[in-house]
Structures are given as C-alpha cells and as structure tokens.
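Notes follow once the structure below has been shown.
Since every read-out is calculated from the coordinates, none of them should be taken as a lab result. Everything quoted here is computed from the prediction, not taken from an experiment. Methodologically, a virtual Cβ is constructed for each residue, glycine included, from the backbone with ideal geometry; neighbour enumeration extends over all protein chains shown.
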Amino acid sequence: MDIREVLSGGDLRSVGHVDEVVAYVGNDPDRFNELMTGLTDDRPVVRMRSADAMEKVTRRHPKLLQAHQASLFQQLHITTQPEERWHLAQLMPRLMWTEDEAADVVHMLTDWIATETSAIVIVNSLQAIFDLSAVHSRFRDDLKTLLESQLETGSPAVKSRSKKLLKKL
C-alpha cells in the first residue's frame, strides 16, 4: 500500500481514506514514517490527511511520535496550511518537551491564535497550550490571559472552548 497515494484525491473537505490508513498503520507501526513524509507532500490534501491520520494513530500509539519530534517541531514552524496546523496542534502535547522547547511550541501556537482565521486551528491551539500547561505550569498565567481575551474576541466555538478551559484551569 502506498499510503500517500491512498490519502490523495478529492479535496480538503473530505477525509478520504484516512480511517483505512489509520487501521493499516495502527496494525503496522513501522509504516508510521510514511505518514511523516506525507506532511511535506506537494499536495495539500495529502498533507492534511497525513496529519489527520497521525493524530488518530497516535491516540492509541503516542510513542510513535517520539522518533519524529524534531521533524514535527520543524513542521510546526513552516506549515501555513490551516488543515495541517489544527492536527499538529493536537500532536504537540503528546510529545515530551524541554521547558525551552515547550515555550517555543506555545509561542508558535499563540501566534496561530493571533493570526489564524480558522476557528478549528484556534480551538486546537488553545487546547494544546492548556494540555502543555499541565506539564509546564509556567504557561498557566499567560494561558489564562489568552483564554480571557478569546472570550471577548473569539468566534462562538472559540468562546465556548475558552470558557470550558478556564473552568478547568
């Protein structure tokens, strides 16, 4: 199975054959590397679906991400595609970051919150910062300020998530 070809076709509004790839990679974790190569594919639909499949596979197998931490960190800094960003945001808390690395991740996610128009990217970035703050408590004060700000200016979905996260904070 050529994973990138299975993930191609159609448009960004559908997940295509992601669930088939998730089942396949979940049963053969050695194929996870192929999902990583999909993040740099020329086709936006393959990048999006690769990130989606990675997120779904690593719900059950989070350790698969560890070998790719440096590449994911780099991808976080270079991707501009909203559909890829929202999945990368979901992946960040599944990795073990040093304090400095976590600060850089939080900085990137905060930039996305400030500049993205996609409510999904913003919601997932807020959730990721919240999850990272459970391990790195130094982000909690800034997170609280960020969530309060989003209660004022965010879309309905962003306001709803901000309210839920503030209650948990």
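Looking at region 41-169, the pairs of alpha carbons with a distance over 23 Å make up 28% of the total. When the Gaussian network model of the chain links Cα atoms closer than 10 Å, the mean-square fluctuations of F32, F139, F130 top out at F139.
The phi torsions of region 8-18, fed into the Karplus equation with coefficients 6.51, -1.76 and 1.60 and a -60° offset, translate into couplings of 7, x, x, 10, 5, 8, 10, 8, x, 9, 4 Hz, rounded to whole numbers, with Gly and Pro shown as x. For the chain, the mean residue ellipticity at 222 nm estimated from helices alone is -22000 deg cm²/dmol, where every DSSP H run of n ≥ 4 contributes -39500 (n - 2.57) and the total is divided by all residues, rounded to the nearest 500. With the highest mean first, a sort of the peptides 33-41, 68-76 on other beta-carbon atoms found within 10 angstrom per residue produces 33-41, 68-76.
Over 27 Å apart at the Cα level, from the set K63/K167; K56/K159; K63/K144, are K63/K167; K63/K144. The 3J(HN,Hα) values that the Karplus relation (6.51, -1.76, 1.60; θ = phi - 60°) gives for region 19-32 are, in residue order, 4, 5, 5, 4, 5, 5, 5, x, 8, 9, x, 5, 7, 4 Hz. Gly and Pro appear as x.
Separation of region 126-161 and region 56-77, taken as the distance between their Cα centroids, equals 22 angstrom.
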